Amino acid sequence: MEIVADASVFLAVILNEDDRDWVIHKTTGKGIVSPEVLPYEIGNALIAMKRKGRLHDREILRAFDLSQRIAVNLVSVNIHEAVKMAMRFNIYAYDAYYLQCSIENKSPLISLDNRMCDIAGNIGIKVVR
């Protein structure tokens with residue numbers, strides 16, 4: 001079974017956040033799929049954390065390198081459809097890419113973003129809880 005995982009899930013694991021063990025439990029033995037934009041989003045999130053004073057340069061590079069060791073199948077998605085979804089639900093295009101990925105791969109979504117999980121459920125995407 002494959003699960004579509006968003007950047008929040010990867011960040012929880014690589015930064016040893018509170019939800020880390022839950023994420024590992026829910027994804028163990030599953031294939032992880034994400035849109036090909038995932039590494040860029042992780043990099044952006046890590047830099048945003050630096051700007052907020054949460055991470056230092058060495059921590060950012062270590063965390064990014066660690067994220068690259070997690071087995072994930074990066075796939076392309078229909079960006080046109082994702083942008084339409086982003087407009088429909090007034091969400092970031094990045095979030096819509098994960099939803100579109102779930103639709104195209106007929107796979108459940110795992111995310112720590114409650115709003116995205118709610119939208120996924122409303123459009124018929126199974127959400128890992």
Discussion item. Once you compute Rg and the Kirkwood Rh from C-alpha atoms, what is the Rg to Rh ratio for the range 2-122?
Written reply: 0.96
Discussion item. Cut-off under 20 Å on the C-alpha distance; same-chain residues fewer than 8 positions from K106 excluded. Which lysines are left, in chain and number order?
Written reply: K26, K30, K84, K126
Item to complete: For V127, enumerate residues with amide H under 5 Å from its amide H, sequence gap 5+ or separate chain, H modeled in the peptide plane.
Response: L109
Practice prompt. Let me have the 222 nm mean residue ellipticity of the chain computed from DSSP H runs of 4+ only, each contributing -39500 (n - 2.57), with the sum over all residues rounded to the nearest 500.
Written response: -17000 deg cm²/dmol
Worksheet item: Could you work out Rg/(2.2 N^0.38 Å) for the range 60-108, with Rg from alpha carbons only?
Response: 1.37
Item to complete: Compute the acute angle (0 to 90°) between the alpha-carbon long axis of helix 38-51 and the principal axis of greatest extent of the alpha-carbon atoms of the chain; round to the nearest 10°.
Response: 50 degrees
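Read the figures in this text as sums done on the coordinates, not as results from a lab. Because the structure is predicted, anything quoted here is derived from the model rather than measured.
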